[in-house]
Amino acid sequence: MTATPVYHGDCRKIIPTLKPESIDVVYLDPPFFTQKQHSLKSRDNSTEYSFQDTWASLDEYRDCMREVLHESHRVLKREGSIFLHCDTTASHHLRLLLDEVFGAEYFQSEIIWSYKRWSNNKKGLLSAHQTILFYSKTADFLFNTLYGEYSPTTNIDQILQSRSRNEHGKAAYKRDVEGNVVLADAKKGVPLSDVWHIPFLNPKARERVGYPTQKPIALMERILAIASNEGATVLDPFCGSGSMLVAAQLNNRASIGIDIAQEAVRLSEQRLEIPIKSRSAVLEDGTASFFVKSPIERRILEAFDAVPVERNNGIDGFLKMYIDESPIAIRIQKPHETLDEAAQRLLGATQARHCKYLILVRTMTENSALFATDTIARSRDNLLIVDSFDVVVQNWTQQKTLQINQ
Ligand SMILES: C[S@@+](CC[C@H](N)C(=O)[O-])C[C@H]1O[C@@H](n2cnc3c(N)ncnc32)[C@H](O)[C@@H]1O
């Protein structure tokens, strides 16, 4: 990947120097018309970063943004898209401007970036979201569908069974002529919605550099994932600390950054030299505490590329792929249960659910003797017992110790 150019100057002067139809994604995070100066100190308190968001009038702000949008439209490829980040201060004005420049028919989504906040210093509701307006240049825009996890309240049958409308127009589980439930196709998860729960950068986040209104890389990556493929070129005309440029670099996309502030350009260049991303939990359905699965269980399910199932006593998840047109259920052995009990619970929960094949993940070494129990022996043909990473390592280290002591 070539080095990322980060230009210093007014983007209204610099974008016109870029070739027409040369950009796959434009991400704009301009001043939001807050009529304030935004300032913040760097992590080590050595530098104060700031940018002006003060305007003589709303018209002046709109004229500036209109110019940037026209230029963005010119440089976008036919398959390209624009993402304009804003908040309630001016989102309604910007939406009309986008309709004017891109055409209302190319409006794709109003993405709500939702995050947790704990304090409110104004009368009224705590504001906990920002808006990203997503427009495409043409109807042939590139779009990659992403899938999120099922909500913890999703019933296991909703995941497994096909649904159709009954004679009263109500959604109901499909049944064949013999009255048996019909299996749905292999599930990849829930298609990503336009509400994105991505944590705000906390004061201790590794990637936080202390630039005012710095955006999380996880949020930038989501935009790149839906609207571009590897090798694409992204333009960020208000790049600030360079979050989008870093996200592009981490995901094999080329990018071009522009900022009117010299220290923002310097900071972006520094971040690009050593790109750092925080390990933040990005969950589709709210906060981590909402989930009953432990982080270890979630990691095991991720390793199997499985869809987690919450609120079920026997099944922890399903592989995203089917074998023999049948779902494959997984159970992770719990700390309080023997391997045999885990197998019984898995078999009990899957009997009526068309699962021909089952996976049981053994998480405890002390139960190795139970491999030959009746339940497991009987279901040997369709039950795969896999050791968790911890068990593999523990067994291996025990054997090594034995060998050394012999
Ligand atoms: C909201 S901040 C961008 C924050 C950035 N997305 C990040 O994650 O750090 C807006 C930036 O736009 C820059 N800016 C304002 N007017 C500009 C202009 N006309 N051309 C280029 N940059 C501009 C400001 O200096 C500021 O860094």
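Structure notes:
- Share antiparallel - DSSP beta bridges, the chain, percent rounded to 5: 55 percent
- When both bridge partners sit in segment 293-405, DSSP labels roughly 40% of those beta bridges antiparallel.
- Gain on full stretching of the segment that runs from ASN405 to LEU250 - 0.36 nm per residue minus C-alpha separation: 51.1 nm
- This model, with +1 at the C-beta of Lys and Arg and -1 at the C-beta of Asp and Glu, gives the chain a dipole about its Cα centre of some 680 debye.
- Cα gyration tensor category, rounded, prolate or oblate, for segment 1-154 with a/c compared to 1.5: rounded
- The average projected area of the chain, computed from the convex hull of its Cα atoms over all directions, is 28.1 nm².
- Carbon and sulfur %, accessible surface of segment 293-405 computed with the full protein complex present, 1.4 Å: 54 percent
- Loop-located chymotrypsin sites (Phe, Trp or Tyr not before Pro) in segment 61-130, at most 12 other Cβ atoms within 10 Å (DSSP): TRP118
- Calculated FRET value between SER39 and ASP390, using beta carbons and R₀ = 60 Å, to 0.05: 0.80
- Between amide H atoms placed 1.01 Å from N, distances below 5 Å from ARG253 occur with GLY231, all of them 5 or more places distant or on a separate chain.
- Helix-derived mean residue ellipticity, 222 nm - over the chain, DSSP H n ≥ 4, -39500 (n - 2.57), to 500: -8000 deg cm²/dmol
- Rough spin-label spacing in nm, given labels placed 7 Å along Cα→Cβ, for SER278 and ASP59: 4.2 nm
- R0 of 30 Å, Cβ-Cβ distance SER109-ASN229: FRET efficiency to nearest 0.05: 0.95
- Debye equation applied to the C-alpha atoms of segment 293-405, log10 I(q)/I(0) at 0.12, 0.17, 0.19 Å⁻¹: -0.42, -0.80, -0.98
- Segment 110-254: antiparallel DSSP beta bridges as a percent of all, rounded to 5: 75 percent
- Per residue solvent-accessible surface (Å²) - the chain, probe of 1.4 Å: 53 Å²
- Given their separation in residues at 0.36 nm each and the Cα-Cα distance between them, SER164 and ASN144 gain 4.6 nm when the chain is fully extended.
- Qualifying GluC sites (Glu not before Pro) in segment 84-177, DSSP loop, other Cβ atoms within 10 Å at most 16: GLU167
- Stretching the chain fully between ALA303 and ARG66 yields a gain of 80.7 nm (0.36 nm per residue, less the alpha carbon separation).
The values are calculated or read from the model by the stated rules, or taken from the named source; none is laboratory data. Being a predicted model, the structure only gives us computed values, none of them experimental. Cβ atoms come from the backbone with ideal geometry, glycine included; neighbour counts cover every protein chain shown. Heavy atoms of the whole protein, side chains included, go into the accessibility calculation; ligands, DNA and RNA do not. Shrake-Rupley method; radii C 1.70, N 1.55, O 1.52, S 1.80 Å.
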